[in-house]
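Engineer: Quick one: this structure, given as structure tokens, is what I'll be asking you about.
The values are calculated or read from the model by the stated rules, or taken from the named source; none is laboratory data. What you see is a predicted model, and the numbers here were worked out from it, not measured in a lab. Cβ placement follows ideal geometry from the backbone for every residue including glycine, while neighbour counts extend to all protein chains displayed.
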Amino acid sequence: MALQINPSILSADFSRLAEEAKAVEGADWLHVDVMDNHFVPNLTLGVPVVEALGKATDTPLDCHLMIEDPDRWAPQYVEAGAGSVTFHAEAAAAPVRLAREIRAKGARASMALKPATPIDPYEDLLPELDMVLVMTVEPGFGGQAFLDIMLPKIRRTRELISKHGLELWLQVDGGVSASTIERCAEAGADVFVAGSAVYGAEDPAKAVRELRDLAGQ
Ligand code: DX5
Ligand code: ZN
């Protein structure tokens, strides 16, 4: 299992995005939260900012689309330079077609599940994906408390990935910190998004290293 730490730019200073992206070089991916104020009650950034971020850092971009109609928008994020694009299962009209399109355009295709969405109905789709994101908070805001009740879903997702012998990555996002990351790793997650735990720290690069050590134990 590849163990990866993806700092979320949502918790960074938006007036200094390029510097904030550089502050975590050494992380595996930079997690970019795109919100449209419809799928979630918050508004962040879109395609032009993703394009600019891609030019500002060598760290590949992991775009998490919390938007309606990802079928229409996701391919544009690949064109803007994202190396991985995550759409929400609850929002995609045709997830298989969309995952294929993202892959055909050259990015990793990933599907996210809100806390109330189970993984089992999506078992047959897993071979079409490169990653599953199990949300460990309700999407929309950084700095929320980790939902322990999501641990069984992380375990179940890992079980299904193993059952089918797939190479899929399993990402967790929301409330991941030094005090929760070990539980996530133990349940089978291997890609960890951390916003406030990284950008709220005095030394973000050091926070990334510490999280990586904890997850690897
Ligand atoms: C929440 C976003 C997360 C958020 C995580 O909807 O998807 O990526 O930035 O922030 P923390 O790590 O502070 O919970
Ligand atoms: Zn996210």
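Engineer: Just to be sure I understand, how many residues within the range 139-167 are without any contact (Cβ under 8 Å) to a residue 40 or more places away in the chain and within 16 Å of ligand 2 (Cβ to nearest atom)?
Structural biologist: Residues that pass the stated criteria total 6.
Engineer: Follow-up question, since we're still on this one. Would the range 49-57 turn up any residue that is at negative phi, modelled with pLDDT of 95 or more, outside any helix (DSSP H, G or I) and touching a Lys or Arg at 6+ places or on another chain (Cβ under 8 Å)?
Structural biologist: Looking for residues that are at negative phi, modelled with pLDDT of 95 or more, outside any helix (DSSP H, G or I) and touching a Lys or Arg at 6+ places or on another chain (Cβ under 8 Å), one finds at least one in the range 49-57, hence yes.
Engineer: Another question, if that's okay. With the requirement that a residue be in contact with a strand residue (DSSP E or B) (Cβ under 7 Å, 6 or more places away or on another chain) and either free of Cβ contacts under 8 Å to residues at least 24 places away in the same chain or more than 15 Å from ligand 1 (Cβ to nearest atom) (or both), what does the range 168-201 give you?
Structural biologist: Within the range 168-201, Leu168, Trp169, Leu170, Gly188, Asp190 meet the criteria.
Engineer: Now for a separate question. Working carefully through the options Pro115, Pro95, find the one that is without any contact (Cβ under 8 Å) to a residue 60 or more places away in the chain and within 16 Å of ligand 2 (Cβ to nearest atom).
Structural biologist: Pro115
Engineer: Being surrounded by 15 or more Cβ atoms within 10 Å (Cβ to Cβ), away from ligand 1 (no atom under 14 Å from the Cβ) and not in a loop (DSSP other than H, G, I, E, B) is the filter here; which residues of the range 23-34 pass it?
Structural biologist: Within the range 23-34, none qualify.
Engineer: Additional query: For the range 146-161, check the following and say yes or no: at least one residue is modelled with pLDDT of 95 or more, closer than 21 Å to Pro7 by Cβ and exposed (fewer than 15 other Cβ atoms within 10 Å of the Cβ).
Structural biologist: no
Engineer: Turning to a different aspect of this structure: For the range 79-103, how many residues are surrounded by 22 or more Cβ atoms within 10 Å (Cβ to Cβ) and farther than 18 Å from Leu125 by Cβ?
Structural biologist: 1
Engineer: Suppose the filter is assigned to a loop (DSSP other than H, G, I, E, B), in contact with an Asp or Glu (Cβ under 6 Å, 6 or more places away or on another chain) and at pLDDT 95 or above; does Ala91 pass it?
Structural biologist: In short, yes.
Engineer: Further, regarding this structure: Tell me, which residue of the range 69-78 that is surrounded by fewer than 17 Cβ atoms within 10 Å (Cβ to Cβ) and touching a residue at least 24 places away in the same chain (Cβ under 8 Å) is farthest from Val134 (Cα to Cα)?
Structural biologist: Residue satisfying both the conditions and the ranking: Gln76.
Engineer: Follow-up question, since we're still on this one. Considering each residue of the range 41-51, count those that are buried (at least 16 other Cβ atoms within 10 Å of the Cβ) and away from ligand 2 (no atom under 12 Å from the Cβ), and give that number.
Structural biologist: 6
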